[in-house]
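Undergrad: Here's a structure for you.
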Amino acid sequence: MGENSNIELAKLTNSGESQLGDGVTRLAATVDTLDMQGGTLNIIDSDVTIGKLTAAGGTIFIDPSNVKVGDLEGTLDADFFIGEGSTVDFGGADMSSAPAVGDKTAVLALGPGKSIEVDKGSLEVNGALTGTAPIPPADGTVTFAPDSLFVVDGATEGGVIRGSGGALTVEDGAKLHINNARVGEFTVASNFDPNAITVGGWNGSNLTLTTSNVLIEAVAATPDGDDVIVSIVAKDAASVFPDLRVPRNVDTMMAEGQNDTSDDAPAGIRMLSRALEKTASPDSIDAVNEASSAAVTVGVQNTALRIADAASNTVIGHLSLAQHDGSRAIHADGADFWAAPMYGNLYTSGMAAGGQSVRGQFGGLALGADVEAGQFLGGKFRIGASINGGGGQSETSGTATSAQNDYDFGGLNFYAGWNNGALNLMASVGYAFGNHEVEMGLPASLGMSSAKADVDTAAFTADLCAEYQLKTGWLDVLPHVGVRYTVLRTDAHDLKSGGEVLNSVERDTQNIVQFPIGVTLSRDFDLAGWALKPAVDLSFIPAAGDKDARTSVNFSGIDAVDSFDTRIMDSTSWAATVGVQAEKGAFSLGLNYGVQASSHETDQNVQLKLGWKF
């Protein structure tokens with residue numbers, strides 16, 4: 001047969017002495033059915049494709065050849081030797097990621113779902129075999145020599161090499177490669193004599209995996225009764241990705257073998273699995289972090305806090321001597337009605353994530369009314385109420401995702417003031433609410449549509465402020481000190497991608513206390529019938545309490561919750577305001593510009609205020 005370069009056989013029955021190839025001319029042979037009944041079949045220097053192999057007896061010796069076998073009919077009752085430079089592939093194994101081998105290595109590869117049961121025959125994979133077949137060992141014996149590579153598929157169950165109570169020897173240096181590796185215990189061999197199992201190879205650098213997930217690794221193959229087991233485990237996510245904010249979600253997903261990049265997987269599992277792919281973009285982990293706390297990423301909490309502050313500042317400012325004092329019409333006996341259009345420009349950088357900034361602006365209107373309620377301890381007592389509402393938008397930059405927040409807000413404040421000459425006390429309680437529509441564009445490498453969430457916030461504020469006016473011939477000096485207590489609540493919400501829940505975030509409540517202390521410099525004078533009061537205020541604002549937002553998040557399909565804190569405000573900030581108030585008769589007009597700045601935050605606001613005295 002060796003004189004032919006190509007042959008095709010419908011069926012080859014062997015019971016005597018036969019040989020494919022002669023080592024001179026490379027033979028390419030196709031055999032639909034090979035029926036080994038006995039004798040010896042030597043395959044020498046050939047490329048042979050066998051549709052179905054029946055190995056009922058005899059000896060098959062391969063050296064050095066490539067043999068592809070579609071199906072093995074029944075058990076292996078023949079003695080099967082794979083020698084130097086030979087590869088035998090059962091069932092179309094994926095060899096693309098298998099380790100490179102030398103010319104003298106013998107390779108046995110099994111495709112998905114394929115296994116070999118050795119009964120009355122034997123199997124030896126040994127790159128040192130060359131020339132002629134050795135004397136067959138005892139029935140049921142399987143040997144993987146140092147110059148061998150065994151390629152299997154991790155989806156195959158029940159042992160890819162199944163014995164009949166015989167001996168299994170894996171010598172030091174024997175290589176094992178597992179395609180489609182999955183977390184868990186993988187049975188490589190089963191049903192061998194527990195006292196005749198020797199495993200010296202299939203460990204260390206001689207144990208490799210094909211897996212797209214960067215967290216999966218294998219532990220050395222070890223005997224377990226009559227089996228040989230390879231433990232495939234997931235690395236600790238936090239050790240591989242120190243900055244990952246959801247390691248519990250990832251570890252649980254991997255430990256339970258839930259990782260799945262397919263479109264059929266729950267959106268949370270799909271996102272985490274794709275982010276852990278070896279082909280994922282470098283910013284995939286950053287994208288997971290940002291999606292884990294989408295509200296914080298786009299500045300929802302900071303925005304809600306600053307809008308609540310703006311509403312409180314409006315009513316406290318209305319009562320302050322820095323705006324209305326002396327014998328002016330505003331705050332004289334009777335009722336005051338006022339309207340204050342509000343505008344704010346908010347900017348934060350470096351709080352939620354390294355290099356991330358959030359920039360936004362809002363606009364709204366506050367309406368209020370107050371009335372003198374009588375005398376108390378020698379001073380005038382006023383009470384009032386205001387409502388406010390508006391909307392705004394913020395967006396992030398310098399992040400792995402592109403996110404924006406479109407929001408509406410509203411609120412109600414009740415306020416009161418007591419004035420006795422130069423001493424002025426002010427108090428306010430308020431409730432502010434917001435509805436934030438968050439949209440986050442995810443990296444293209446994740447293959448997922450943009451993520452969206454509706455996040456509701458609420459803030460309860462309580463203010464107490466005292467000021468004392470010192471009048472001089474040229475300038476009025478107004479030192480002031482106050483305290484503001486805020487309860488900021490961010491409601492539970494779902495982040496969805498393509499209508500599917502990506503992750504769920506629990507409700508968070510922050511208790512924040514601010515201590516504004518400062519001084520206002522002002523001057524009263526008349527001009528063309530108007531009473532003018534320009535003023536400049538400088539304040540220092542320490543803050544205490546829950547300056548960090550707590551995010552507790554669960555990705556869909558995974559039974560785990562990660563909790564972490566993210567700073568939304570600095571511990572100290574400075575504020576400056578310049579403005580002018582003008583009154584004429586029963587009418588008042590004010591214009592103020594202010595800025596509050598800290599290490600990571602710069603907020604600007606403009607307020608136009610109109611008042612009418614009845």
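The values are calculated or read from the model by the stated rules, or taken from the named source; none is laboratory data. None of these values were measured; they are calculated from a predicted model. Positions of Cβ are backbone-derived with ideal geometry, glycine not excepted, and every protein chain shown enters the neighbour counts. Only protein heavy atoms, including side chains, enter the accessible area calculation; ligands, DNA and RNA are left aside. Shrake-Rupley method; radii C 1.70, N 1.55, O 1.52, S 1.80 Å.
Undergrad: I'm a student and want to see the number: the projected area of the Cα convex hull of segment 210-278, averaged over all directions, in nm².
TA: Averaged projected area of segment 210-278's Cα convex hull equals 5.6 nm².
Undergrad: Using 0.36 nm per residue, how much length does the chain from L464 to D32 gain when fully extended, once their Cα-Cα distance is taken away?
TA: 146.2 nm
Undergrad: Continuing with this model, one more query. Once you've got the Cα coordinates, tell me which of K380/K471; K278/K452; K52/K114 are over 18 Å apart.
TA: Working: K380/K471 20 Å; K278/K452 27 Å; K52/K114 13 Å.
Correct reply: K380/K471; K278/K452.
Undergrad: Could you tell me what percent of the accessible area of the chain is made up of carbon and sulfur, with a 1.4 Å probe and every protein chain present?
TA: 53 percent
Undergrad: In addition: Give the value in nm², to one decimal: projected area of the alpha carbon convex hull of segment 262-342, averaged over all directions.
TA: With every direction weighted equally, the projected area is 9.4 nm².
Undergrad: On to the next question. If T198, T25 are ordered by their accessible area, calculated over protein heavy atoms with a 1.4 Å probe, which sequence runs from highest to lowest?
TA: T198, T25
Undergrad: Counting only heavy atoms of protein chains, what accessible area per residue, in Å², does the chain have with a probe of 1.4 Å?
TA: Roughly 41 Å² per residue, with all protein chains present.
Undergrad: To the nearest 10 square angstrom, what accessible area does V519 show with a 1.4 Å probe?
TA: My reading of the accessible area for V519 is about 50 Å².
Undergrad: How charged is the neighbourhood of S231? Take every other residue with its Cβ under 11 Å from the Cβ of S231, and add Lys/Arg as +1 and Asp/Glu as -1.
TA: Value of the local net charge: -3.
Undergrad: Could you order E277, E157 by accessible surface area, starting with the largest, using a probe radius of 1.4 Å?
TA: E157, E277
Undergrad: Residue separation times 0.36 nm, minus the C-alpha to C-alpha distance between A492 and E73: what's the value?
TA: 144.9 nm
Undergrad: Okay, moving on. When the Debye formula is applied to the Cα atoms of segment 459-546, each taken as the same point scatterer, what base-10 log of I(q)/I(0) results at q = 0.12, 0.19, 0.23, 0.26 Å⁻¹?
TA: Taken in order of the listed q values, log10 I(q)/I(0) reads -0.61, -0.92, -1.06, -1.17.
Undergrad: Which net charge results when you count Lys and Arg as +1 and Asp and Glu as -1 among the other residues whose beta-carbon is under 10 Å from that of T105?
TA: Neighbour charge sum, excluding T105 itself: -1.
Undergrad: Same structure, new question: What does the charge add up to near T399, with Lys and Arg as +1, Asp and Glu as -1, over the other residues with Cβ less than 13 Å from its Cβ?
TA: So the environment of T399 carries a net charge of -3.
Undergrad: Using alpha carbons only, how many angstrom separate the centre of segment 580-611 from the centre of segment 385-404?
TA: Each part's Cα centre sits 21 Å from the other's.
Undergrad: If I ignore ligands, DNA and RNA and count only protein heavy atoms, how much of L207 is accessible to a 1.4 Å probe, in Å² to the nearest 10?
TA: 20 Å²
Undergrad: What residues have an amide H closer than 5 Å to that of L76, excluding those fewer than 5 places away on the same chain, when H is modeled at 1.01 Å from N in the peptide plane?
TA: Hits under the 5 Å cutoff: E117, V118, D119.
Undergrad: Return, ordered by residue number, the residues of segment 479-518 whose backbone nitrogen is under 20 Å from a label point located 7 Å along Cα→Cβ of E256.
TA: 494-497, 500-506
Undergrad: Here's another thing I want to ask about it. For the chain, what proportion of DSSP beta bridges, expressed in % and rounded to the nearest 5, is antiparallel?
TA: Roughly 75 percent of the DSSP beta bridges within the chain come out antiparallel.
Undergrad: Still on this structure: Be a star and scan segment 387-416 for residues whose amide nitrogen sits under 14 Å from the point 7 Å along the Cα-to-Cβ vector of A369.
TA: 387
Undergrad: For a quick size check, give me the Cα extents of the chain along its three principal axes, largest first, whole Å.
TA: Sorted from largest, the Cα extents of the chain read 125, 45, 34 Å.
Undergrad: Using only the alpha carbons of segment 93-184, what is the convex hull's orientation-averaged projected area in square nanometres?
TA: Average of the hull's projected areas for segment 93-184 equals 6.5 nm².
Undergrad: If you average 1/r over every pair of different alpha-carbon atoms in segment 364-408 and take one over that average, what Kirkwood value in Å do you get?
TA: 14.4 Å
Undergrad: If you don't mind, another one. Please compute, for the alpha-carbon atoms of segment 526-590, the extent along each of the three principal axes and give them in descending order in Å.
TA: Sorted from largest, the Cα extents of segment 526-590 read 72, 25, 14 Å.
Undergrad: Determine the order of E256, E84 by accessible area, beginning with the largest, at a probe radius of 1.4 Å.
TA: Numbers: E256 115, E84 40 Å².
So, going from the largest accessible area down, we get E256, E84.
Undergrad: I've got another one for you. Considering only segment 175-306, what is the antiparallel percent among its DSSP beta bridges, to the nearest 5?
TA: Antiparallel bridges make up about 80 percent of those DSSP assigns within segment 175-306.
Undergrad: Can I ask one more? If you plug each phi of segment 44-61 into the Karplus form 6.51 cos²θ - 1.76 cosθ + 1.60 with θ = phi - 60°, what whole-Hz ³J(HN,Hα) values come out, in order, with x for Gly and Pro?
TA: Listing the rounded values in order: 10, 6, 9, 10, 10, 10, 10, x, 9, 10, 10, 10, 8, x, x, 9, 10, 10 Hz.
Undergrad: Quick one: of K11/K120; K68/K175; K496/K609, which pairs are farther than 31 Å apart, Cα to Cα?
TA: From the list (K11/K120; K68/K175; K496/K609), the Cα-Cα distance tops 31 Å for K496/K609.
Undergrad: I've got another one for you. DSSP loop (so not H, G, I, E, B), at most 15 other Cβ within 10 Å: list which GluC sites (Glu not before Pro) in segment 1-74 pass both filters.
TA: E3
Undergrad: While we're looking at this one, here's another question. Return the calculated 222 nm mean residue ellipticity for the chain, to the nearest 500 deg cm²/dmol, obtained by summing -39500 (n - 2.57) across DSSP H runs with n ≥ 4 and dividing by the residue count.
TA: Value at 222 nm, helices only: -2500 deg cm²/dmol.
Undergrad: So, one more: Mind listing the phi-derived Karplus ³J(HN,Hα) values for segment 9-25, rounded to whole Hz, using 6.51, -1.76 and 1.60 with θ = phi - 60°, and x for any glycine or proline?
TA: Listing the rounded values in order: 10, 6, 8, 10, 9, 10, 9, x, 10, 9, 8, 9, x, 10, x, 9, 10 Hz.
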